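The values are calculated or read from the model by the stated rules, or taken from the named source; none is laboratory data. Here the structure is a predicted model, which means the values were calculated and not measured. Accessible surface is based on the protein model in full, side chains and every heavy atom, while ligands, DNA and RNA are left aside. Shrake-Rupley method; radii C 1.70, N 1.55, O 1.52, S 1.80 Å.
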Amino acid sequence: MNLGKLLKTRKNVKCPTAAWVLLAFLLAPPAHAQFNLFLVVGKTEQAAPAACDFGSVYASESTSTHFRLRNTSGAPATLDVLAVAGVGFTLTAPPLPIGLAPQGTVDLSVVFHATDTGAYSASLQADGIAILLTATVAPRLTYGLDPPGGTVFPGTLDFGSVVRGSSAARSITIQNQTTLVLTVPAISVQGADFALLNGAPS
């Protein structure tokens, strides 16, 4: 229906003014909501880049990024699409659909966790938004303790209780279980009561 012609013939139609306003509203082009995606670093928002790199981690380690989606339009909007597609990346967000008032926001986080070395990528998608997520799982040396400890190493190394005047020793084994050449990092000990027995192997 042509709204212009319809309004020109208004004099010939008995219709309340309010009804004409409602009709014009219904026939007007719909206003499209505009969502913008931001990175949240501490308490600061910054526009999310087209590609967001999660950096490099070791196998079985996790890293996460905090995002915020904002309705930057002047009208309420409903978020119907919010997903991450890619191995190793997991999205944590409220269930859809999500209604957002003007300038309303919804917070979400994406966690990366993988067990195999290599480069990973995924896409983060929302209504009208798509960005690339990347991450790398780097190879690492394998560390063992003798006697075995109750915690994962590298980490806290507990020598237990030691009688005054005596000593305790822990043996650390470093292995390269990958197919790549890896370098033993620099090793040092701080603290007057601790020392390396055989020197650093790096």
Quiz item: For residue 108, what accessible area in Å² do you get when you roll a 1.4 Å probe over the heavy atoms of the protein chains, rounding to the nearest 10?
Solution: 10
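Summarise the accessible area of the stretch 116-202 (1.4 Å probe, protein heavy atoms) by the percent that is carbon and sulfur. Each step should come with its number before you reach the end.
Working: 3280 of 6300 Å².
Percent of accessible area from carbon and sulfur atoms in the stretch 116-202: 52.
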